[in-house]
Amino acid sequence: MKAMILAAGKGERLRPLTDTVPKPMIPVSGKPILEHVVRLLVGHGFDQIAINLHHMPETIRNHFGDGSGLGARVSYSDEEDLCGTAGAVKRIADFFDEPFLVYYGDNLSNVDLTDFWSAHAARQQEATIGLAYMDDPTSRGIVELDADSQITRFIEKPSIEEVFEDYHVNAGVYALEPQILDRIPNGVVDFARDVFPEMLASDAGIYGHRLVGQVLSTDTPERYDDTCQRVASGDFRLP
């Protein structure tokens, strides 16, 4: 099965850590976050993996090579200019000739991707967003679900006033069908800011699925420190 890991961000909020290493390569328990991500994906059958690169790309390329050491076939997409989360996928559209997974490379998780993938396949819709609960949703996207788990509202990085009851947080894991590529123009395009709101506006079916497991973010020094502490204490089980 095929997946793309989004790993091209510069990690400005993590400086000075990211002055010398790409954001998804900062270590947790002695291994880069991105290695934990690849191991998670391979463990659930996603063994054809594309990774987009921008900041210090050779660090990632040299670490993973062709992916065979981790049981995967890894290819790379070098972005001279950042394309956005959806633009990165569109850029290598020929790779996605079957349903595929998109995973944000700075999130450490131990979620059951097999359960997530099965839920997406059963619905036969273009997109399913993996959802989690997080105490502070203001730096992420939040969604509202109806009784059938169809998304009825999506707000990216809401203000405190925009946060509604019973929200779920976009966990940065998407199960997508190849036809979604037709919705993505060339250029800089984001799933959360552009593609998903357009789908909601056009009444296209887009669903949410509550992920089984834990999702930890590492996009700020505080969240990175918290992640390291939770792993070290045994509160979080590495995949």
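We did not get these values from a lab; they are worked out from the coordinates using the rules stated. Note that the structure is predicted; figures quoted are calculated from it, not measured. Heads up, the Cβs are rebuilt from the backbone with ideal geometry, glycines too, and the neighbour counts pull from every protein chain shown.
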Computed FRET value (nearest 0.05) for K31 with M1, which takes r as the C-beta separation and R₀ as 22 Å: 0.45
Loop-located chymotrypsin sites (Phe, Trp or Tyr not before Pro) in segment 146-237 whose Cβ has at most 13 other Cβ within 10 Å (DSSP): F164
Full-extension gain in nm, A122 to E80, via 0.36 nm per residue minus C-alpha separation: 11.3 nm
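I'd like the GluC sites (Glu not before Pro) in segment 148-201 restricted to DSSP loop residues with at most 13 other Cβ atoms within 10 Å, sorted by number.
Details: sites: E156, E161, E162, E165, E198; in loops: E165.
Filter output for segment 148-201: E165.
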Förster-model FRET efficiency, 35 Å R0, E162 and V212, C-beta, rounded to 0.05: 0.80
Inter-label distance, nm, simple model (7 Å from Cα along the C-beta direction), E222/L17: 1.4 nm
Length added when fully stretched, D112-Q229, from 0.36 nm per residue minus Cα-Cα: 39.9 nm
Fraction of the pair-distance distribution of the chain above 28 Å, Cα-Cα pairs, percent: 26 percent
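What are the GluC sites (Glu not before Pro) within segment 19-111 that DSSP puts in a loop, where the Cβ has at most 15 other Cβ atoms within 10 Å? Before the final figure, lay out each step's value.
Details: sites: E35, E58, E79, E80; in loops: E79, E80.
The qualifying sites are E80.
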